[in-house]
1. For the protein assembly as shown, what proportion of DSSP beta bridges, expressed in % and rounded to the nearest 5, is antiparallel?
2. What angle, in degrees between 0 and 90 and rounded to the nearest 10, separates the Cα long axis of helix B:117-133 from the longest principal axis of the Cα atoms of chain B?
3. Out of the DSSP beta bridges found with both residues in the range A:310-477, what percent are antiparallel (nearest 5)?
4. Quantify how strongly other chains surround peptide B:169-182 by giving the mean number of their Cβ atoms within 10 Å of each of its Cβ atoms.
5. From other protein chains only, count the Cβ atoms within 10 Å of every residue's Cβ in A:358-370, then give the mean.
6. Going by alpha carbons, how many degrees (0 to 90, nearest 10) lie between the helix axis of B:203-212 and the longest principal axis of chain B?
7. Return the distance in nm (one decimal) between the two label points of a simple spin-label model at residue A:421 and residue A:477, each offset 7 Å from Cα along Cα→Cβ.
8. Could you give the length gained by full extension between residue B:128 and residue B:71, i.e. 0.36 nm per residue of separation minus their alpha carbon distance, to one decimal place?
């Protein structure tokens with residue numbers, strides 16, 4: 001008998017600092033991230049504890065009092081962010097020991113990833129010393145944590161609103177882009193971790209943590225290297241058994257592998273072996289950051305498909321034909337519209353330029369009175385597993401027709417949300433990208449309305465189709 | 001010996017009407033395209049001749065005088081747009097004969113594409129009668145022409161500015177989307193033709209026309225069906241020998257093929273046969289509308305690659321690693337940075353978090369003083385065939401740093417344009433999509449600045465890489 005998962009995972013303290021000190025904040029900030037960037041991010045998201053700055057000479061920076069050394073801070077500090085040069089890290093670590101710090105996040109780069117043997121040795125020495133005294137390290141060479149409930153942010157613009165998606169990322173930029181691109185599509189995060197070189201805490205540690213974390217329902221990961229293969233494999237298998245998981249593994253080509261090595265000192269490993277591990281673990285391996293975001297949206301909002309039968313609904317014959325090709329190529333099916341469904345649809349669709357075959361290319365969506373009457377019989381049809389509705393804003397497409405979007409779009413989203421709930425099958429929206437500022441704003445608004453109503457949105461028909469196909473694949477891997 | 005190409009192609013009159021009559025403009029416009037849409041588009045683009053409206057009872061619509069019948073118009077009319085129901089088309093054609101009309105554009109749908117034998121017969125009868133009297137038909141079931149020099153537009157928002165890209169499309173929507181998506185990236189058109197069912201004038205006719213048209217340097221096509229296979233093959237071969245050509249052929253899957261049949265009554269034909277024809281003809285076959293736009297940008301602005309060696313330049317380690325994977329997978333190469341180039345770069349790149357390997361992940365791009373100094377040695381390096389610079393706007397990436405974009409971006413675009421010209425090799429820009437309105441506007445502004453300076457822009461690294469790989473493939477097909 002295995003022990004039950006602990007109520008609070010062992011690493012939980014890492015995500016709940018009561019106070020933070022930042023070492024290496026310049027009194028004159030240049031371009032780029034840096035200590036000052038973390039001050040800004042923490043202030044913006046509203047970190048609830050005290051923030052202390054460490055600076056050898058400045059009395060205050062950005063209005064926050066500075067101390068010459070960590071040990072000069074009169075109160076207790078349990079989390080330190082280091083933006084000092086690599087050679088200053090051993091000294092800072094000694095101060096952390098004196099101060100009783102529990103977590104040291106090393107934004108500081110310039111260790112193993114430089115390819116320099118001396119610097120690799122320095123990294124090993126820092127890890128050895130930290131382990132000796134029980135201080136956990138995040139990094140080096142990373143952006144650290146975004147944990148909205150704890151009001152921790154690694155970058156500006158990260159929402160204080162929490163949600164069920166956890167993410168582990170070897171790259172801070174990819175963690176940031178995941179958050180940035182998924183947010184407008186309704187994805188909110190529990191904990192996002194950028195861990196860089198992973199000298200102490202590694203992907204496996206954070207995957208284990210997210211597997212046990214009650215606030216995390218879905219797990220996403222971006223990995224460059226394989227550290228401690230057998231342990232990582234165990235963590236991936238346990239995660240895949242417990243929650244929906246998708247992993248973007250870079251370094252899948254020779255050039256990518258070389259780039260990963262100079263970015264986070266990662267040994268990329270054979271992608272085929274990794275792929276086999278993922279399949280066996282019931283975990284999706286994705287090919288791009290876009291796909292990682294799309295799969296997160298699929299896990300979160302499509303949730304489950306009863307089968308591969310998609311009915312495509314939208315204005316525009318050419319787009320419909322291409323949609324049929326794209327969806328078929330992705331492995332989905334476009335079932336014929338049943339006679340009884342056709343009969344109901346015939347009552348609302350205009351004649352010219354429309355077709356009540358699948359894809360359904362109809363202008364009846366542009367008329368408020370027939371919007372619901374077009375979707376309802378398709379949702380009710382027994383051979384519909386999912387509706388894919390495509391639209392666009394700002395010229396050319398149907399989305400910009402039919403009256404003021406501020407009034408029309410909330411009603412459309414209400415209708416779609418209501419039907420999705422009523423029939424217990426998903427509606428998926430593809431909002432083709434806009435080329436105008438107004439169109440962009442309307443598209444973003446519709447996206448937000450859909451997310452609020454639990455509806456999945458994608459930026460193209462191809463990407464929507466691919467996400468549905470990947471969800472079906474995941475269901476198969478899970479034996480469903 | 002073959003005859004020389006005529007100075008003015010035979011179909012030139014089709015694109016140069018002196019006056020237009022529109023039949024079937026409703027006095028009370030509902031949603032959707034229609035006769036009224038064409039009035040609006042022609043007024044907006046500034047058609048220079050008179051526009052006449054035909055309506056049985058209304059004295060005027062949108063301020064333009066109406067005539068009960070075409071034959072009631074006192075002046076000569078050489079181009080008629082029909083938006084009347086299908087059953088009224090034969091009568092309208094008789095009036096066209098009386099009036100001496102040369103071209104009848106049938107926006108009217110409801111013919112062969114319905115799958116109804118009676119309606120297919122009606123289409124054949126209309127074609128037979130038109131041929132008898134020498135009237136050429138565009139359509140039925142299509143949007144007709146966009147020809148900026150002649151001030152003809154098929155949709156609103158189409159620019160009066162002309163350029164070297166011609167397009168033939170079986171779908172009006174896809175023609176419109178091609179124009180809409182390519183315009184912000186600097187693509188301007190000579191002639192764009194949506195020909196629907198192609199009952200009289202077909203893809204082959206329009207391809208032949210664009211091949212001979214002096215204003216067209218690059219040819220794009222969207223085809224659903226194969227009409228008169230041997231003639232189409234001849235037209236494709238002649239076009240491919242004369243100008244850069246890319247074709248998007250839909251109906252490549254079973255579902256797509258069925259959709260094509262109900263959209264424009266097209267028999268899709270085997271994609272493998274079509275693919276072979278394209279390769280033999282030195283024509284690129286593309287898989288999506290996005291790729292069609294990207295290849296147009298590559299033909300127009302990248303023009304020629306001397307080899308597959310890409311140096312990737314941009315801020316962000318994670319993005320760089322993924323870029324390396326994507327470009328390698330597309331068949332491109334990421335050459336190492338030569339020692340002499342590294343030496344020059346070391347003078348301008350900051351230490352932490354950067355790498356002067358390829359991809360070059362450097363924050364020196366954020367500093368105005370080192371922007372040119374970063375690009376120049378890379379352009380000068382003998383092992384660089386092309387630079388791919390990636391950036392983003394509105395959070396997370398480097399593009400939003402380094403001062404007010406209204407001043408910074410024009411200077412950056414100037415520098416890039418100057419270097420591209422000076423070294424005679426292309427610089428390609430990937431502007432990753434924004435998630436904020438401000439970021440969207442800045443990205444769109446930078447895109448426009450780049451286009452004005454002859455620089456190719458793409459919305460992602462993957463799409464930029466794919467377009468370069470397709471350009472190299474085209475060069476190989478052309479024997480180059």
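Every number in this text was worked out from the coordinates using simple rules, so none of it is lab data. What you are looking at is a predicted structure, and each value in this text was computed from that prediction instead of being measured. Please note: Cβ atoms are built from the backbone with ideal geometry, for glycine as well, and neighbour counts cover all protein chains shown.
1. Beta bridges within the protein assembly as shown, antiparallel portion: roughly 10 percent.
2. 80 degrees
3. If I count the DSSP bridges inside the range A:310-477, around 5 percent turn out antiparallel.
4. On the way: counts 1, 3, 7, 5, 13, 6, 1, 5, 10, 1, 3, 10, 5, 1.
Mean partner-chain Cβ count within 10 Å for B:169-182: 5.
5. Values: counts 4, 6, 0, 4, 1, 5, 2, 1, 3, 3, 1, 0, 0.
Mean inter-chain Cβ contacts per residue within 10 Å come to 2.
6. 60 degrees
7. Result: 3.2 nm between the two label points.
8. 18.4 nm
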